[in-house]
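The values are calculated or read from the model by the stated rules, or taken from the named source; none is laboratory data. Because the structure is a prediction, the values reported are computed rather than measured. Cβ atoms come from the backbone with ideal geometry, glycine included; neighbour counts cover every protein chain shown. What goes into the accessible areas is simple: the full protein's heavy atoms, side chains included, and nothing from ligands, DNA or RNA. Shrake-Rupley method; radii C 1.70, N 1.55, O 1.52, S 1.80 Å.
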2 protein chains.
Amino acid sequence: MKDRIRRIFAKLGADADALVFVNAASPHLDSSFFYVFDVPSGLFEGCAAVARPDGSLTVLTSPLEEESARQAARRDKDVEVELIRGRDEREKRLTQLMESNDRIALNYHELTHEDYLSIAGAFPEATWVDASSAVRKTRMVKDAIEIERLRRAADIGSEVAREIPSLLRTGITELQLAGEMEYRMARAGASGRSFETIVGFGPHGAEPHFSPQPFPLAAGQSIVCDFGALSQRYVSDITRSYHFGPTDPELKRVHEKVEEAQQAALDQVRPGVAAKEVHLAAARVIDASPWKGLFNHGVGHSIGLAVHDGFAMNPRVEEPLEVGMAVTVEPGIYIAGRGGVRIEDDILVTEKGYEFLTTAPRGYLEVPA
Amino acid sequence: MKDRIRRIFAKLGADADALVFVNAASPHLDSSFFYVFDVPSGLFEGCAAVARPDGSLTVLTSPLEEESARQAARRDKDVEVELIRGRDEREKRLTQLMESNDRIALNYHELTHEDYLSIAGAFPEATWVDASSAVRKTRMVKDAIEIERLRRAADIGSEVAREIPSLLRTGITELQLAGEMEYRMARAGASGRSFETIVGFGPHGAEPHFSPQPFPLAAGQSIVCDFGALSQRYVSDITRSYHFGPTDPELKRVHEKVEEAQQAALDQVRPGVAAKEVHLAAARVIDASPWKGLFNHGVGHSIGLAVHDGFAMNPRVEEPLEVGMAVTVEPGIYIAGRGGVRIEDDILVTEKGYEFLTTAPRGYLEVPA
């Protein structure tokens, strides 16, 4: 992953002699560790990766995934792997790999403060550089390998989104439906869910980050399913809303309004457009409707090795879209106590505008109860 | 969760005016946020919780899980919930909730360095206290609610471990088996897996943290399955090893040796015993066998709201076991290129010794191919 490392250093300028990614215990792993080290297996808790301006990488691996690390290094001549056992040995080896007064860049965004203090303690004379912004901006624009993996993860999500209507029946609980969806993602080749699946029935759909409960489906409820697949460490993130007939006529109109808002946002997507414009296009549609003010989150975020991969689209973000960005577009309307609708797709920014990564139907669908 | 907060402050001494838990974007959430705030739903990305020595708690919630937060606060009179939108508003509200020169404790262990700098920037005169050790030690000893949740998570893991032999067939891949296991956990009531399921066939079983691949099962392979359920935010963590007939006679003897090592470790478990003694008991059995040196990790760790919940059992840890600790006991033998066996159970430390949380059979089992 020499090119990726070089791109990060180019963004850091002449500011760093080395760039170090440090994993704490799961879930506090630095997803960028896996951006510079393409290894299909392993957690690499407590491990570190030292990248240099020439694109070379030294991975300090634990014994728990040593064989996978060595195999990956055999496929990439710019990677060396060394075995360490524990944090003390890691810090000691780092002091041998770098000079005591180096300018060392760290990814503050995914580094625990505890690990920062541990590393800083081993280099009392070093100068510390926050690599978060350079890493974030590099990761925002996907390369061909990444796009292929994102497409695969999105295909799995789309396939399951198409199957959800056939899973709906009176009495199935939110937790059960989430389990069925995750099972179908696994059968389609996912290595897991990319985040905790959201399934909200009826009023629960009004809470964007609702966690599924042992709560049964009943006729008349609308349903929000927000989920995604993990495939070769890359994610998808898709939301579909369904309506378990007989319809609540208001939620049908809400669905149509959200669809209109999503299309308005999509219509803004092209290189050079400020992120906030994409958000505002959706917000304008909703705020000109009877549901003004009921869209309470940003319209999207970039995806990649993480579900929130560094770039956000909300009213405060001036950063422009670039070719190769993969982002979600996901407006919603949430009526407290009643229900909600959110429609979310993953798209890739292209020279002409965008293309869909997720492909499942988005329109209003009433599933007979 | 007033008692939990008071127990943490008792361990901090008179050292802090407030204790603040801060979540970054998922997966960089502080699991201790959910230790002091018992809320069944929601991610709470970018949120914070301010705990005070009297046990009271102010939760700064995002709109994405506001209703769940308010419902949880209605059930606990010591909790107040306030809405914030974004990090700037969070930091501003924190400066109103605390004095500018307070001694503020933070959980460095699960706080990103980026969030540390953001909070520290808002309090230029504050004194910072690392709460990691006090939080860790408090969380190590489980209360009744936690034990009930751990038991439920362990029951789900045990139920699925009993079903695995019926799932084994020639050609099923590691990824497929992992998917089937996770589906059965979901059907048994889990809200997800507690960590990336490990399934290793044949030589892959020799790598403790192996990630399942599209690799098919063949007769003669041994199988390591290390997995766990998430239930009400609590985890289980169980490993079983199976042998897909005709046996490799060496791996049968390895299995029996690992079982003996696990029993030797379990025999050490009682309050007051140093963690390292539990490890060493297992290591002694293995190192007196033909597989000397092939047990390359610590014998266990505590579990709770996280899979690695703060306490480790390895040769360097002098800390004693205490009544109410929930720990794994998981020796293994790993023969590179050939296969491995690990047996892992979750136990609760009791006054008299221990009791099992996980209950599936551990003995050598050859499943006909």
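A few remarks follow.
- Where A:GLY86 falls short, out of the listed (1) small (Gly, Ala, Ser); (2) closer than 19 Å to A:ASP30 by Cβ; (3) more than 14 Å from chain B (Cβ to nearest Cβ): (3)
- Residues within region A:248-271 that are over 22 Å from A:THR358 (Cα atoms) and under 22 Å from the mean Cα position of the chain (by Cα), tallied: 0
- From the list A:LEU12, A:LEU19, the lone residue that is more than 12 Å from chain B (Cβ to nearest Cβ), under 23 Å from the mean Cα position of the chain (by Cα) and of a type in the set (A, V, I, L, M) is A:LEU19.
- Residue list for region B:113-148, filter: under 30 Å from B:MET181 (Cα atoms) and in a helix (DSSP H, G or I): B:ARG139, B:MET140, B:ALA144, B:ILE145, B:GLU146, B:ILE147, B:GLU148
- Within region A:251-262, no residue that is not assigned by TED's automatic domain parsing to the domain that holds A:VAL341 sits with its Cβ atom under 6 Å from a residue that is of a type in the set (Gly, Ala, Ser) at 6+ positions apart or across chains.
- Residue within region B:149-170 that is touching a Pro at 6+ places or on another chain (Cβ under 8 Å) and in a loop (DSSP other than H, G, I, E, B) present: yes
- Every condition in (1) away from every other protein chain (no Cβ under 12 Å); (2) under 25 Å from B:SER231 (Cα atoms); (3) buried (at least 21 other Cβ atoms within 10 Å of the Cβ) holds for B:VAL323 except the one numbered (3).
- Residue list for region A:284-310, restricted to those being part of a loop (DSSP other than H, G, I, E, B), touching an Asp or Glu at 6+ places or on another chain (Cβ under 7 Å) and in contact (Cβ under 8 Å) with a residue 40 or more places away in the chain: A:ILE303, A:GLY304, A:VAL307
- Residues that are surrounded by fewer than 21 Cβ atoms within 10 Å (Cβ to Cβ) and of a type in the set (Ser, Thr, Tyr), drawn from region A:334-353: A:THR350
- Considering only residues in region B:193-208 that are open to solvent by 10 Å² or more (accessible area, probe 1.4 Å) and small (Gly, Ala, Ser), the one that is nearest to the other protein chains (Cβ to nearest Cβ) turns out to be B:ALA206.
- Between B:SER241, B:SER211, the distinction of being in a loop (DSSP other than H, G, I, E, B) and either open to solvent by 10 Å² or more (accessible area, probe 1.4 Å) or assigned by TED's automatic domain parsing to the domain that holds B:PHE356 (or both) belongs to B:SER211 only.
- Restricting attention to region B:109-126, the residues that are open to solvent by less than 20 Å² (accessible area, probe 1.4 Å) and without any contact (Cβ under 8 Å) to a residue 40 or more places away in the chain add up to 3.
- Count of residues meeting criterion [within 26 Å of A:GLN213 (Cβ to Cβ), within 14 Å of chain B (Cβ to nearest Cβ), open to solvent by 10 Å² or more (accessible area, probe 1.4 Å) and touching a Pro at 6+ places or on another chain (Cβ under 9 Å)] in region A:171-190: 3
- As a summary of the residue check, B:ASP143 satisfies the conditions (1) more than 14 Å from chain A (Cβ to nearest Cβ); (2) open to solvent by less than 20 Å² (accessible area, probe 1.4 Å); (3) out of contact with any strand residue (DSSP E or B) (no Cβ under 8 Å at 6 or more places or on another chain) except for the one numbered (2).
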